Structures are given as C-alpha cells and as structure tokens.
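Quick notes on the structure that follows.
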Amino acid sequence: MSRLASSPHEDFQRRIATGDATLRLYGILDAESCARRGLPLLSVAEAWRDAGIRLVQYRDKQGSDDVVLRNALSVRAIFGDADTVLILNDRVHLFAASGFHGIHVGQTDTSIQFTRDAIGHDAILGVSTHNPAQLSGADAADVTYVAIGPVYGTQTKLDADPVVGLEGVRVARSVTGKPLVAIGGITASTAIQVREAGADAIAVISALLPAAGQLLQEPAKTFARVLTGRL
C-alpha cells in the first residue's frame, strides 16, 4: 500500500484535500447485505478490487469475533497489493489484529474518545452523524472524517435515521472542514448531485451489489466510472 507513507490519518486527509479521485467511492462491504442476496462476501470483495474501488469498509454487525477477524484478514489479503484504504466497522478490539487502516463508529457504537484512545492517533477514525448537533460534536473531536446520512431513503438499515437530503449534505459541509462522506440510498444516477452538494466521498452499500443477471463487477464499475471518470 505504497501511498500510505505518512500515518493513515494524515494520508487520508491529505488525499481528500488534494482531490484524489480514488477516494470518491467508498464501498461498504456489509456481510448482511451480501448474505441477503446470496453473494459470497469475499467474491464481492474481489469484484470490487477488480472494479477499482480503493476505499472499503468491512461491516458485520452479527458475526462472531472469530468470523469477523477471519473475514477481515481475507479482505486485507484480497486488497493487500491494491493501494486500498481499509476501514473496520466498530470492532475496536479487533482493529490491531485486522491490520486495517482505521475504524468507523456510529452514534450507538463505542464513543469517539474511547475509540481514538484504543486505536491511536495515527489510525483513521470515521464517525456517522445524522443531524447538526452530531455533526458539530464530530467536527470538534479527533476524527479523520465525518459521515452524514441517510441522504435518501434506504432499505439497508431497517432502523435508519430520518433522511437528510441534499440540503443535509450542504449543511454538513458548512459545519465541518473535515473530509465529508455521504451515505444512504445513493445511486450512480444521484452520486454527482451528492458530490456537488459538498460530499468528498460517496459511501455505497446495496447499489454496489449486482441485481439479478448482472456480473459482480458491473455496479462497482458503473459507480467508479461516474465518480472518477475511469474504466
């Protein structure tokens, strides 16, 4: 992972600040979403690698620690030579063993301060926010990036927070100067609008998984083409 010469935290913020197109698409490799569609998690990871996704979060809210760590190590091996930034969702106690570059936490996960203390100041730390108060709190904290959402309605999370819309992205951009990730119901046809509203990166879960009859790589290639102009 040659680009990560400085700390992952500093490198991520620098690359966002300089407009690195490879970080515009943030693939959320969600175990539950893959399972619902009958898709092998690691096959999806390989397809995303081959499609050019270089910012990936592995999320598994249901799996045991053993399963999550085993999959995390496999994901790292898949992306190991591809200059990819790897983020682990929530499992702070597995961070060191995973070899990932950072952790992402939600509002009901471990606290920002606890997480930062646990993973150290060099690691990437991202946090989900859903309203201006949470945004302000995250902006004042020692985090690498702030996520805002859901931008649109989504079926991925049954207990999703209220939709913030494009205006919510604009508000988030006005609140924080840190790298801003937008998430929630974003498709290839709406991704540019979300970027124009102020998001540095677009996080995608379901829309990166193939519909019936599609090749595994197809949705990821479409998103990559839209956001980076490549492929």
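Values in this text are rule-based calculations from the coordinates and carry no lab data. What you see is a predicted model; the values in this text were computed from it and never measured. Positions of Cβ are backbone-derived with ideal geometry, glycine not excepted, and every protein chain shown enters the neighbour counts.
The table below gives the values:
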read-out: Exposure proxy order (Cβ contacts within 10 Å, fewest to most) of 60, 142, 66, 90; value: 66, 142, 90, 60
read-out: Percent RCO, i.e. relative contact order, over the stretch 8-228, from Cα pairs under 8 Å lying at least 6 residues apart; value: 21
read-out: Computed [θ] at 222 nm, helices only, for the chain once each DSSP H run of length n ≥ 4 contributes -39500 (n - 2.57); value: -11000 deg cm²/dmol
read-out: Candidates 24, 76, 14, ranked by Gaussian network fluctuation over the chain, Cα under 10 Å, top entry; value: 14
read-out: Globularity index of the chain, i.e. its alpha-carbon radius of gyration over 2.2 N^0.38 Å; value: 0.92
read-out: Semi-axis lengths, Å, the stretch 55-112, gyration tensor of Cα atoms, sqrt of 5 times eigenvalues; value: 18, 13, 9
